[in-house]
Amino acid sequence: MVQVATTPDEVHELVSGLNFKEKVDRSLDLIADARREFGDGLVVANSLGKDSVAIWDLAKRVDPKIRGFIVTTRFKPPATRQFMNEVVARYPETLIFKNDVEIPDELYKTDPDECCDLLKVQPVRWAIEQMGVSCWVTGLRCTEGRTRTDYLEREERDEGLIKLNPILPWEEREVWQYLALYQVPVNPLYAEGYRSLGCEPCTHLTAGGSERDGRWLDTSKCGGECGIHTRPLKSGATA
Ligand code: SF4
């Protein structure tokens, strides 16, 4: 079994202390350990970004039967919707969750936190409940931006729900290295220059800086989080 990093400092030591191959092997081992522990309760969250398709590919190498879920919104770019349809056609064990509730026009401008909570966080709660998830696997990385520096490889933010972050110490270059080496298809929007992808009104092209700087540009949420990794996720959670 892999000895998981239990402090952010330990995670950051792995960023520079492991080479690419060691990181890939560690990620595979973390997923394999969790698969043995949680069985079918282990499910991969796929945002259709580069980190997610890397983690999905890793998970399928561990066990092709591993299931996944995608949260989509009415504001996803057409290219992302098309890419999502291709992923689901290839992997029908991936379920899609979407909240079609009526919301005020341009809520993403007036209250992006509320917009994300309704359209992104709530469907994750549904996925976790409906798919019987006891361990969800994410593509979080500690080098992505200012909001992602303090996560751990294995967390229990909600009681009884483990979050596994198997590529937490990977750097941006290593994600692209993996995707190129293993010929993993990616969202075509990356060819336009995006480094991090989300909903169309809240995703902008940037140069330099950190990967998530183009997310929610010019709002209080700039470079921040939608809430999936910060808000309670267990059914009935309201805080
Ligand atoms: S990313 Fe923007 S459009 Fe998408 S749910 Fe959040 S605030 Fe709304």
### Task
Could you list 230, 203, 143 in order of exposure, starting from the residue whose Cβ has the fewest other Cβ atoms within 10 Å?
230, 143, 203
## Note on the structure
note: the range 1-102, Cα-Cα separations exceeding 16 Å make up a percent value of 64
### Query
Once you sort the root eigenvalues of the Cα gyration tensor of the chain as a ≥ b ≥ c, which label holds: rounded (a/c under 1.5), prolate (a/b larger than b/c) or oblate (the other case)?
rounded
### Message
Once you keep just the Cα pairs under 8 angstrom separated by 6 or more residues, what percentage relative contact order results for the chain?
### Response
24
### Task
Take each of the peptides 96-104, 77-85, average the number of other beta-carbon atoms within 10 Å over its residues, and list them starting from the highest.
77-85, 96-104
### Query
What shape does the range 1-42 take by its C-alpha gyration tensor, where a ≥ b ≥ c are the square roots of the eigenvalues and a/c under 1.5 counts as rounded, a/b above b/c as prolate, and the rest as oblate?
oblate
### Query
Rounded if a/c is under 1.5, else prolate if a/b beats b/c, else oblate: with a ≥ b ≥ c from the C-alpha gyration tensor eigenvalues square-rooted, which is the range 101-205?
oblate
### Task
Report, for the chain, the % of DSSP beta bridges that are antiparallel, rounded to 5.
25
### Query
Between the DSSP loop rule and a limit of at most 11 other Cβ atoms within 10 Å, which GluC sites (Glu not before Pro) in the range 104-165 are left?
106, 159
### Task
Go ahead and estimate [θ] at 222 nm for the chain from helices alone: -39,500 (n - 2.57) per DSSP H run with n ≥ 4, summed, over the residue count, rounded to 500.
-10500 deg cm²/dmol
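Any read-out appearing in this document is the output of simple, stated calculations on the displayed coordinates, not a laboratory observation. Please read all numbers here as calculations on a predicted model, not as lab measurements. Cβ atoms come from the backbone with ideal geometry, glycine included; neighbour counts cover every protein chain shown.
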